[in-house]
Amino acid sequence: MRKELAKTYSPSEFEERLYQNWCDKGYFTPDPKDPAPAFSVVIPPPNVTGQLHMGHALDETLQDILVRRRRMEGYNTLWVPGTDHAGIATQIKVEEQLRTEEGLTRYDLGREKFLERVWDWKHKYGNRIISQLKKLGASCDWTRERFTMDEGCSRAVREVFVNLYEKDLIYRGNRIINWCPHCITALSDAEVEYSEQEGSFWHIKYPIKGEDAYVEIATTRPETMFGDTAVAVNPNDDTTKHLIGKTLILPLVGREIPVIADDYVEIGFGTGCVKITPAHDPNDFLVGQRHNLEQIKVMNDDATMNRFAGKYEGMDRYECRRALVEDLKSEGYLLSVEPHAHNVGTCYRCKTTVEPMTSDQWFVRMQPLAEPALKAVYDGKVRFEPERFTKTYTNWMENVHDWCISRQLWWGHRIPAFYCDDCGEMTVSKTDITVCPKCGGRVHQESDVLDTWFSSALWPFSTMGWPDKTEELEKYYPTSVLVTGYDIIFFWVARMIFSGLEHMGKEPFSTVFIHGLVRDAQGRKMSKSLGNGIDPLEIIEKYGADALRFALATGNAPGNDMRFSDEKIEAARNFANKLWNASRFVLMNLDAEDEETALPALDELSVEDKWILSRYNNMVKNVNVNMDKYELGVALSDLYDFTWDIFCDWYIELAKSRLFEKESKGAAVARRVLVYVLTGILKLLHPFMPFITEEIYQSLPHASESIVISSYPKFDESLVFPAEEASLDRVIAMIGAIRTRRAEMNVPPSRKAKVYLVTKYSDTFKGAEAFMIRLASASSVEIVDAYEKDDAVSIITEGATAFIPMAEMIDLDKERARLSGELAKTEGEIKRLQGKLSNEGFLAKAPAAVVDAERAKLEKYNATREALLAAIAKLS
RNA sequence: GGAGGCAUAGCUCAGUUGGUUAGAGUACUUGCUUGACAUGCAAGGGGUCACUGGUUCGAGUCCAGUUGUCUCCACCA
């Protein structure tokens with residue numbers, strides 16, 4: 001017995017049940033031994049303690065669309081899910097909780113106890129985002145779910161670390177890095193966000209030793225003065241040349257510093273004299289190296305001043321700045337202050353202003369890794385979609401600096417370096433060691449952990465069991481496509497590419513499909529602080545996951561940001577409802593014994609059947625072409641238009657004429673065509689809207705156990721019927737014209753009218769009486785050779801004229817005016833086309849098909865013109 | 001300073017290698033309890049495709065420039 005669909009579309013009644021069933025049946029769990037070609041994707045792992053937001057929803061929806069289509073096409077399809085330990089973000093959260101609930105810091109607990117708490121947290125909240133992904137319908141293989149800090153991924157991290165270290169691609173060194181005084185850790189360049197802030201330029205006197213003169217120095221960060229170890233001038237600057245070699249006295253501090261020459265200083269900019277603070281500025285650091293200057297670090301890890309700041313020791317950097325400026329002023333060293341807007345680096349996690357400072361950290365030597373990573377992209381081995389993001393990647397990779405990978409956190413992969421307490425020897429090892437291999441002394445492990453992105457860089461192969469040689473790696477690496485937002489090209493995509501090349505010898509994916517950001521209805525970025533985030537789960541609850549997915553997949557071009565609005569989600573839900581009801585209609589008309597899913601024989605098909613099959617097949621072709629090009633939005637809009645405007649608005653309406661003769665042969669044929677086309681629609685729509693399509697599929701006669709593993713529609717040329725298509729299009733044009741005319745004349749639909757048709761396509765219209773009666777409010781349709789009386793409205797389309805006697809409603813003058821208007825328009829078109837067709841350049845250079853099309857058009861307009869002239873003549 | 005995006009209907013956006021009279025959703029106007037759907041049906045109004053120039057038989061689409069706007073990267077103290 002066929003299952004009835006509920007009267008109204010209520011997704012919450014079936015989404016969960018269907019998802020559970022898909023998982024139970026193992027549809028998402030592929031067998032690597034299956035010889036079908038592989039299609040594999042790894043999820044950009046969301047933060048383990050995070051919650052699903054619209055960005056995820058978009059990202060997962062796009063992946064699921066690609067994955068589900070390939071699965072239906074018969075690929076051996078794997079989508080690896082998992083989560084990221086998100087070092088800083090997670091640690092901050094747990095510390096926050098610790099502080100608010102227990103008034104403790106992580107130091108109170110100690111490393112081990114604190115990590116236990118983080119794991120507790122992970123176990124408590126780590127599943128939240130996973131279950132949210134399931135609600136969205138993501139067809140991930142949950143049996144292969146991974147976590148960046150699970151045993152396997154951690155092993156991969158260590159393997160990679162040691163390999164790189166042994167190749168001298170990882171080194172430890174004292175370099176200038178970005179320091180977050182709030183998170184108390186080093187950051188990589190990529191983790192610093194710049195934001196413009198209002199600041200000041202302080203102009204300070206630096207007295208010249210032994211002279212009654214001074215040098216004017218401008219700075220935006222006066223508190224770094226305590227770390228100045230030189231003042232630099234450009235050697236070719238005549239105005240400052242005389243200062244080179246002289247000694248200056250740091251105001252208030254009294255320390256002596258030299259004036260050095262370095263062409264880093266720009267001639268003509270400012271005073272031409274630059275204070276050099278090697279320990280607190282990246283450029284100064286380089287100058288310092290060139291001149292062998294001392295590095296004086298003046299701050300502690302929390303950005304309070306240290307002993308080098310003298311009496312300011314212990315003050316916060318900004319407190320010190322205020323006090324110092326006051327003192328400089330009162331001592332007469334402050335020349336002037338001017339307001340100055342400048343870009344300040346901030347921590348991407350906590351937004352605290354970062355402090356550039358020298359520090360002992362671990363780095364990845366980037367240049368040797370960047371070269372092959374660039375080559376892979378230049379050679380097209382890795383392709384960005386849309387193409388323009390290639391440049392984002394190459395620009396960054398071409399200018400990349402060494403990557404600071406050590407973090408002074410506790411939550412993360414602890415760096416596998418061991419220091420001997422006795423001889424000081426450092427040993428980097430894949431396995432933990434307790435004694436020094438050199439002297440046998442006791443060792444202790446490096447306390448720093450690795451940048452979170454170090455482990456996510458390995459995701460495409462660490463999740464597949466590397467460094468072991470697994471059958472997953474064999475089958476599914478490299479992955480097919482990576483789907484992610486443009487905002488993490490540097491953080492993640494770039495690093496995966498060089499990591500894959502370095503450790504696997506192969507790029508991790510061939511295509512990077514980039515999408516934009518989901519913004520709010522006003523176009524603002526969704527953010528916690530603005531409170532304008534839209535919770536995808538609320539949307540799912542209210543409208544269903546399918547509507548959410550539809551709204552996210554439609555109406556925007558790849559790589560562009562999109563706005564999310566009520567309007568959009570409602571439109572999506574309405575479409576789902578439309579599909580639901582169209583399906584209900586089909587189901588209502590089916591008999592219990594209708595189980596056939598194939599089409600009837602071609603000679604049983606009516607004109608409208610052939611018409612819809614033609615249209616359907618052309619749509620299938622377009623959808624496939626666009627899906628292949630990652631134009632998912634275009635593909636979906638083709639589907640939308642076909643479903644609503646062609647299938648529902650026309651074919652179903654046309655089919656009613658036969659369907660309502662329930663026992664007729666024609667009804668049986670119509671039912672099967674309806675089932676065939678509807679099933680095709682459902683399959684094509686399934687990657688976008690998995691739930692509703694499955695629910696309906698299960699109610700219809702169906703060939704496969706589930707739509708998830710049913711076959712994806714392919715273009716079938718044998719089901720394209722151009723003649724029937726053209727024929728029914730003429731009928732549709734006439735129905736449309738009659739409707740328009742009646743609406744203009746305010747004739748209510750209830751008032752049926754006789755229609756007399758004069759047409760050279762009498763065969764076409766002979767079979768169409770029923771359609772016109774049903775859809776154009778005709779009471780009868782008669783095909784006549786001519787209609788002589790002048791009591792009728794004439795409705796002219798290409799190839800046919802309809803006369804509808806409605807004497808009392810016709811104002812002859814208005815009718816004449818209307819027809820003349822149409823005539824003018826038609827003649828305008830004719831003139832335009834004639835012009836084009838008499839243009840020799842056009843005839844000579846345009847493709848023949850285009851010229852022919854224009855000619856055919858002209859012919860049609862000419863025919864229409866004749867008919868209009870005849871109608872006007874009759875009225876006068 | 002460098003790179004890129006965007007500019008099309010009141011609003012939000014599509015428009016795929018240049019080729020019908022430039023589309024959709026939404027809003028608006030009018031009429032409809034039409035044997036699936038008012039989350040609907042039918043009809044309609046609404047656009048100088050930012051501006052200027054160029055290439056071409058033909059430009060919303062390609063090129064150059066201008067203006068506006070957003071983003072990313074770098075960063076001069």
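The values are calculated or read from the model by the stated rules, or taken from the named source; none is laboratory data. Not measured: the values here are computed from a predicted model. Because the Cβ atoms are built from the backbone with ideal geometry, glycine has one as well, and the counts that use them run over all protein chains shown.
General observations
- Set side by side, the residues A:Tyr761, A:Tyr712 differ, and just one is modelled with pLDDT of 95 or more, of a type outside the set (A, V, I, L, M, F, W, C) and over 18 Å from A:Asp609 (Cα atoms), which is A:Tyr712.
- Among the conditions (1) in a strand (DSSP E or B); (2) surrounded by 14 or more Cβ atoms within 10 Å (Cβ to Cβ); (3) near RNA strand B (Cβ under 10 Å from one of its atoms), A:Ser359 misses just one, which is (3).
- Top-ranked residue in the range A:819-829 [being closer than 16 Å to A:Ala873 by Cα and touching a residue at least 24 places away in the same chain (Cβ under 8 Å); ranked as surrounded by the fewest Cβ atoms within 10 Å (Cβ to Cβ)]: A:Ser820
- Hits in the range A:475-495 - residues which are within 16 Å of the chain's Cα centre (by Cα) and of a type in the set (Val, Ile, Thr): A:Val481, A:Val483, A:Thr484, A:Ile488, A:Ile489, A:Val493
- Single residue of the range A:490-526 satisfying the filter (β-branched (Val, Ile, Thr) and within 16 Å of RNA strand B (Cβ to nearest atom)) that is surrounded by the fewest Cβ atoms within 10 Å (Cβ to Cβ): A:Val512
- Sole residue being within 16 Å of RNA strand B (Cβ to nearest atom), outside any strand (DSSP E or B), out of contact with any His (no Cβ under 7 Å at 6 or more places or on another chain) and of a type in the set (D, E, K, R), chosen from A:Lys430, A:Lys351, A:Lys438: A:Lys351
- All positions within the range A:830-859 that are within 24 Å of A:Lys760 (Cβ to Cβ), surrounded by fewer than 16 Cβ atoms within 10 Å (Cβ to Cβ) and near RNA strand B (Cβ under 8 Å from one of its atoms): A:Ala853
- Against the list (1) touching a strand residue (DSSP E or B) at 6+ places or on another chain (Cβ under 8 Å); (2) within 30 Å of A:Lys7 (Cα to Cα), the condition A:Ile738 fails is (2).
- Qualifying residue in the range A:303-319 (condition: surrounded by fewer than 17 Cβ atoms within 10 Å (Cβ to Cβ), touching a strand residue (DSSP E or B) at 6+ places or on another chain (Cβ under 7 Å) and on the phi > 0 side of the Ramachandran plot): yes
- Residue list for the range A:415-444, filter: within 41 Å of the chain's Cα centre (by Cα) and buried (at least 16 other Cβ atoms within 10 Å of the Cβ): A:Ile415, A:Pro416, A:Ala417, A:Val428, A:Ser429
- Matching residues in the range A:60-89 - criterion: being closer than 17 Å to A:Arg146 by Cβ, outside any strand (DSSP E or B) and touching a Gly at 6+ places or on another chain (Cβ under 9 Å): A:Glu60, A:His85, A:Ala86, A:Gly87
- For the range A:362-406, the tally of residues that are part of a loop (DSSP other than H, G, I, E, B), within 12 Å of RNA strand B (Cβ to nearest atom) and touching a strand residue (DSSP E or B) at 6+ places or on another chain (Cβ under 8 Å) stands at 1.
- Scope the range A:320-346; condition hydrophobic (A, V, I, L, M, F, W, C), assigned to a strand (DSSP E or B) and either exposed (fewer than 13 other Cβ atoms within 10 Å of the Cβ) or away from RNA strand B (no atom under 13 Å from the Cβ) (or both); matching residues: A:Leu334, A:Leu335, A:Val337, A:Ala341
- Qualifying positions in the range A:101-130 - over 24 Å from A:Gly82 (Cα atoms) and among the hydrophobic types (A, V, I, L, M, F, W, C): A:Leu104, A:Leu109
- In the range A:269-276, the count of residues that are touching an Asp or Glu at 6+ places or on another chain (Cβ under 7 Å) and either among the β-branched types (Val, Ile, Thr) or more than 10 Å from RNA strand B (Cβ to nearest atom) (or both) is one or more.
- Condition check for A:Thr463: crowded, with 20+ Cβ neighbours inside 10 Å, modelled with pLDDT of 95 or more and farther than 22 Å from A:Phe363 by Cα: yes
- Selection from the range A:586-615 of residues that are surrounded by fewer than 16 Cβ atoms within 10 Å (Cβ to Cβ) and closer than 27 Å to A:Thr8 by Cβ: A:Met588, A:Asp591, A:Ala592, A:Glu595, A:Thr597
- Yes/no for A:Asp212 being surrounded by 14 or more Cβ atoms within 10 Å (Cβ to Cβ) and either modelled with pLDDT under 90 or among the acidic types (Asp, Glu) (or both): no
- Residue count for the range A:277-317 satisfying the condition of being farther than 17 Å from A:Pro251 by Cα, away from RNA strand B (no atom under 14 Å from the Cβ), part of a helix (DSSP H, G or I) and free of Cβ contacts under 8 Å to residues at least 60 places away in the same chain: 2.
- Residue within the range A:153-170 that is crowded, with 18+ Cβ neighbours inside 10 Å, within 14 Å of RNA strand B (Cβ to nearest atom) and either within 27 Å of A:Asp487 (Cβ to Cβ) or β-branched (Val, Ile, Thr) (or both) present: no
- Criterion (crowded, with 18+ Cβ neighbours inside 10 Å, polar (S, T, N, Q) and away from RNA strand B (no atom under 14 Å from the Cβ)) met by exactly one of A:Thr679, A:Thr643: A:Thr679
- Which listed residue is touching a residue at least 60 places away in the same chain (Cβ under 8 Å), within 11 Å of RNA strand B (Cβ to nearest atom) and not in a helix (DSSP H, G or I), from A:Asn556, A:Asn581: A:Asn556
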